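Here's the structure, in structure tokens; my notes come after.
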There are 4 protein chains.
Amino acid sequence: MDELAIEVVADPDLEDPVLIEGLPGVGHVGALAADHLLEELDEQATLVRRIYSRAFPPQVSVEDGVASLTHTEVHAVSVPDARDMLVFTGDHQAQHGDGHYTLASAFLDVADEFDVSECYALGGVPTGELIDEYDVIGAVTDASMIDPLEDVGVEFRPDEPAGGIVGISGLLLGLGVQRGFEATCLMGETSGYLVDPKSARALLLVLESLLGFEISYESLDDRADDLEDVIGKIQEMESQAAMDVPSDDDLRYIG
Amino acid sequence: MDELAIEVVADPDLEDPVLIEGLPGVGHVGALAADHLLEELDEQATLVRRIYSRAFPPQVSVEDGVASLTHTEVHAVSVPDARDMLVFTGDHQAQHGDGHYTLASAFLDVADEFDVSECYALGGVPTGELIDEYDVIGAVTDASMIDPLEDVGVEFRPDEPAGGIVGISGLLLGLGVQRGFEATCLMGETSGYLVDPKSARALLLVLESLLGFEISYESLDDRADDLEDVIGKIQEMESQAAMDVPSDDDLRYIG
Amino acid sequence: MDELAIEVVADPDLEDPVLIEGLPGVGHVGALAADHLLEELDEQATLVRRIYSRAFPPQVSVEDGVASLTHTEVHAVSVPDARDMLVFTGDHQAQHGDGHYTLASAFLDVADEFDVSECYALGGVPTGELIDEYDVIGAVTDASMIDPLEDVGVEFRPDEPAGGIVGISGLLLGLGVQRGFEATCLMGETSGYLVDPKSARALLLVLESLLGFEISYESLDDRADDLEDVIGKIQEMESQAAMDVPSDDDLRYIG
Amino acid sequence: MDELAIEVVADPDLEDPVLIEGLPGVGHVGALAADHLLEELDEQATLVRRIYSRAFPPQVSVEDGVASLTHTEVHAVSVPDARDMLVFTGDHQAQHGDGHYTLASAFLDVADEFDVSECYALGGVPTGELIDEYDVIGAVTDASMIDPLEDVGVEFRPDEPAGGIVGISGLLLGLGVQRGFEATCLMGETSGYLVDPKSARALLLVLESLLGFEISYESLDDRADDLEDVIGKIQEMESQAAMDVPSDDDLRYIG
């Protein structure tokens, strides 16, 4: 197998689609959001590409006994009265710096084939503490793109994200602008300690406003409720621990 | 030396042989099984290929003072009334992700030369606890292959192996299916803490049923007995430790 | 994107310019010096090249919401009565050994385009203790270059820097000499524990003498004062700690 | 610079020379031996090649203020009544597996240019305890080479070195045999904790017997004496420590 292999599964006609990328990262926020989007719109979704690469970990996943090589799936999603979408999902990012460049270039190649001009990279931004209000932070490839995003509630802050954006989401912007794409990174605030469905929901609400689709959040809310239970138990343990050895840093050490 | 160098040692005629891969991995199960198979059938085995690669660690092994460069050996094994076999063994897997792809491709190239259509990748699956009954878990490249494997006792479980299959065994399935091979991964359950000859024996019993050969397990049983002694001593130490500081997690920390 | 991409932004005529490199490294000394030089001379500076590379981390930085792919910037600086300069700055060095070679070669390629014959690589040399007098240590590509540098206060010591010079600064000398450049590494002494504007100032004073420009150090001095405050607090904590458990090694453990 | 660059410095006529490699490794034994050999025979030694590679760390060493890019030096040594030698020395091995293959191939290319048929790779083998009698362990590319080496005191032991031979020394054997060289690895026993001139001396005494040169060991003995002093102090500290908390393992933790 070459460094990269793109399998063409289908080639539906799409009208001015947007690229949406949601691979695993901080708080699993981007992946949760893109996976939920596909689950809710699965009747309108068509698998169009499988992207294999040596940059992925050398590994297969196994479902019901059947193995499949690590890859990124690209689904076309066409919903009436909403923008067409090309949704990139998968279990892994590249394993090294050079591979991130290879994959981001491949994603933009697929986007080119479908005449995409706008990209949305989904991710999380770690705050280091539990979140009450789930803000969505934005980064763009051109300052003119900021106003319309602020209109739908995306926040732009002078010094965030402090460490820049690493991995596929960052490169979709960094390489995308060089190839003429308008690219936006939407980052849901998340503690950084836990998989965070609430942050994913905040991302999807922004996307709904931008792209015009409508989905249910029931299953995502169920996962969020399960998370609340976990957090509740952690806080309980914390307050009990606080009675023995006072500390306001305990939560900082949760995986 | 190039990235890959395949030395042709012999080219015997084989009849519809199956590929069997057993390189080091979890509990050393796959390597123990393949090595034992070759030891027991050494009079019917012929070395046919040596596979060298820069993806292996830069190292020689030394036996009786004579050095040999790290490589994978391929033996052809022809036993009357059993399927012919091409057995891949060696001391090392590739050292990085890209190298796993290179080696798996090379293995399948050799398989192609011998008109192989079926591959068996041998490995272990870690359970995190000592095993009473040594089950063999399966993963395949096509759902139609499951039934005949279940008939010889291989188990297929919805969510196992949970983390997928990493390394050469995984890629023989992931790349094999793309090249038209029927590939199966047989994984012996093992604690994951120790080299596990009993798990290797369970794998080989499945292979016997599938391929029709018959071998002795005496030397493997001897190694298993040695292991039992080690486990016995560990448990003894454990129960003594338990009298001081009770804990049922101690075993989790052994090598 | 290829391994390397050099974007031509402008091509001003320069007269016998010198290359000045200041990427992040020990005590951030080289980067502080080059960044300060550009800030002070920004009216005489023109961005001439952007150097992108897969050897950089796969990442964008974000300023006021707008992302830009990690790169090295090259500014041409022309000041009356001073040598013309080509100043290389950026937030990252290469992420692996091979990448350092790629980038150093690219820097020298750009230098060739502008007919550069002299290179100055700026960096810090760690002393392991707080500095009173900020000496600048030199290393050159030819012994004949030592005398004129000693005349402006650069020190050459038989056994320094003990571990050689690692990364882009080292390679500008090591590869530069092979391509006919006269290359000098100027290393400001620094504790190695903290970002060190005083050491950067010492470097710039040497460059002023060598190249004839004149700049203000006010903003660098402000940063140095902030640093002094930090050091003062550390020493205070140290002397208090010394009363409890005497130790003259405490400072060695500051991040 | 390419992956590899070999600079031709001189091309003296040599008569059936042997390759001697002594790069840094366990106990620095191989490097100490080769460096001492060159120092003692410097009047008979001619620098013939410099080998540069991107596989080396991206770094220059600095001597008396003058930088030189990391490389391997090859000296031709011609001593009357002794075998001619090509001695490979330097401060670094390759930084990754693939680079070890690149360098070992390059060394053998240079050997081919000088019609070398025999190679001696020098190294150390760690014993984990302080050494009384400095044995030299051997490994060869063909069993027929063992007897003449045993005649000059080299030991061959069934299971040593247990982990094989890693790095340049191993590959000179592993790749050398494939290219028709007779290659021997001579490994001086050493604790593995300290730079070990006595082990280097033991190696050189074997080489003297094999190749017919004669050198003084005064400077190496001086370094060994310095080492003895260090060991003495360690043992003193150890026995004092033993009075407080008895332990026979302390030495295991020295550097």
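Just so it is clear, none of the values below were taken in a lab; they were calculated from the coordinates. It should be emphasised that the depicted structure is a prediction, and the values quoted were computed from it without experimental measurement. Because the Cβ atoms are built from the backbone with ideal geometry, glycine has one as well, and the counts that use them run over all protein chains shown.
Remarks
- Residue order, fewest to most beta carbons within 10 Å, for D:F107, D:F181: D:F181, D:F107
- Taking all Cα pairs closer than 8 Å and separated by 6 or more residues, the relative contact order of segment A:4-216 comes to 27 percent.
- Modelled this way, with points 7 Å down the Cα-to-C-beta line, the labels at C:A143 and C:A5 are 4.7 nm from one another.
- Note on B:98-105: average number of Cβ atoms from other chains within 10 Å of each residue's Cβ is 4.
- Per-residue shielding of D:164-174, expressed as the average number of other chain Cβ atoms within 10 Å of the residue Cβ, stands at 6.
- Rg ratio for segment B:99-255: its Cα radius of gyration over 2.2 N^0.38 Å, N being its residue count, equals 1.21.
- Ranked A:I215, B:I168, criterion: other C-beta atoms within 10 Å, fewest first: A:I215, B:I168
- Close Lys pairs in the protein assembly as shown, defined as Cα atoms under 19 Å apart and 8 or more places apart or on different chains, number 4.
- Computed from the C-beta positions of B:S239 and B:E133, the FRET efficiency with R₀ = 25 Å rounds to 0.65.
- Amide H contacts under 5 Å for A:E21, placed H, 5+ residues apart: A:F88, A:Y120, A:A121, A:L122
- Candidates B:E218, B:E238, B:E63, ranked by Gaussian network fluctuation over chain B, Cα under 10 Å, top entry: B:E63
- Largest first and in whole Å, the equivalent-ellipsoid semi-axes of segment C:4-216 read 24, 20, 18, each the square root of five times a Cα gyration tensor eigenvalue.
- Considering only A:I20, A:I231, A:I51, the Gaussian network model of chain A with Cα springs below 10 Å gives its largest mean-square fluctuation to A:I231.
- Our summary of shape: the Cα atoms of segment C:181-231 have principal axis extents of 40, 24, 11 Å, ordered from largest down, in whole angstrom.
- Cα gyration tensor category, rounded, prolate or oblate, for segment B:77-153 with a/c compared to 1.5: oblate
- Cα extents for the protein assembly as shown along the principal axes, largest to smallest and rounded to whole angstrom: 82, 82, 61.
- Modelled this way, with points 7 Å down the Cα-to-C-beta line, the labels at B:D91 and B:R157 are 3.4 nm from one another.
- Two-decimal ratio, segment D:1-123, of alpha-carbon radius of gyration to 2.2 N^0.38 Å: 1.02
- Inter-centroid distance (Cα atoms) of segment B:1-32 relative to segment D:1-77, Å: 39
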